[in-house]
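**Student:** Structure provided below as structure tokens; questions to follow.
The values are calculated or read from the model by the stated rules, or taken from the named source; none is laboratory data. Computed from a predicted structure; not experimentally measured. With ideal geometry, Cβ positions are generated from the backbone for all residues, glycine too; neighbour counts draw on all protein chains shown.
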Amino acid sequence: MTIVLRCVVAAALACAFNVHAQSAPPIKPGLWQVKVENDGGQQMPDMSEHLKNMPPEQRKKIEAMMKERGVDMSGGAGGMKICLSKESLDQGKWQAEQGKCKTDILSRTSTQWKWRSVCTDPKAESLGEANFVDAENYRVINTMTTAAQGGAPRTIKSTMRSKWVGADCGDVKPIQSPKTK
């Protein structure tokens, strides 16, 4: 997987939020349209367009891996689709955990959650904030610092806007954390 794709996927998913059964976020289960913007307010590249430029074998492998984890990267216009089941929401698994991370909750209200994550694989630190507009809209702001190529620290700030599409996820599986080894 290229570093650009890793950063985009990490920015979208590595809100590293696997809260242990404290309470479910105040959002509906079902299919969600997710769009990620970088710190300049520009939408992230359409992942389906980025994938089209890859060799077919590599593209199929990445698409299958992401779809198996509950992420359909063919959302178009810089977006993707994810399925959040009632069970994943109840278990606090509404954001996929990326890598080996330890997450500390900094604060939590009915409309805003804040956290700090430290990951060892890939090595990164992030500060995140989820703002729940209503049961069908939420926004996650994430600032992640990681080592770029050459070892220099790189900070990526992203905003993920999520809108509920409907209760039926169709062929998109509920989002799942990667299997830990």
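**Student:** Could you tell me which numbered condition ALA21 fails, if it satisfies all but one of (1) farther than 18 Å from ASN142 by Cα; (2) at pLDDT 80 or above; (3) outside any helix (DSSP H, G or I)?
**Tutor:** It fails just one condition, (2).
**Student:** For segment 135-144, name all the residues that are in contact (Cβ under 8 Å) with a residue 40 or more places away in the chain and not small (Gly, Ala, Ser).
**Tutor:** GLU136, TYR138, VAL140, ASN142, MET144
**Student:** Quick check on segment 58-66. Is at least one of its residues at pLDDT 85 or above and loosely packed, with under 13 Cβ neighbours inside 10 Å?
**Tutor:** No, the conditions are met nowhere in segment 58-66.
**Student:** Starting from residues that are touching a residue at least 24 places away in the same chain (Cβ under 8 Å) and surrounded by fewer than 18 Cβ atoms within 10 Å (Cβ to Cβ), keep the ones in segment 104-131 and report whichever is nearest to ARG161 (Cα to Cα).
**Tutor:** Filtering segment 104-131 for residues that are touching a residue at least 24 places away in the same chain (Cβ under 8 Å) and surrounded by fewer than 18 Cβ atoms within 10 Å (Cβ to Cβ), the one nearest to ARG161 (Cα to Cα) comes out as THR111.
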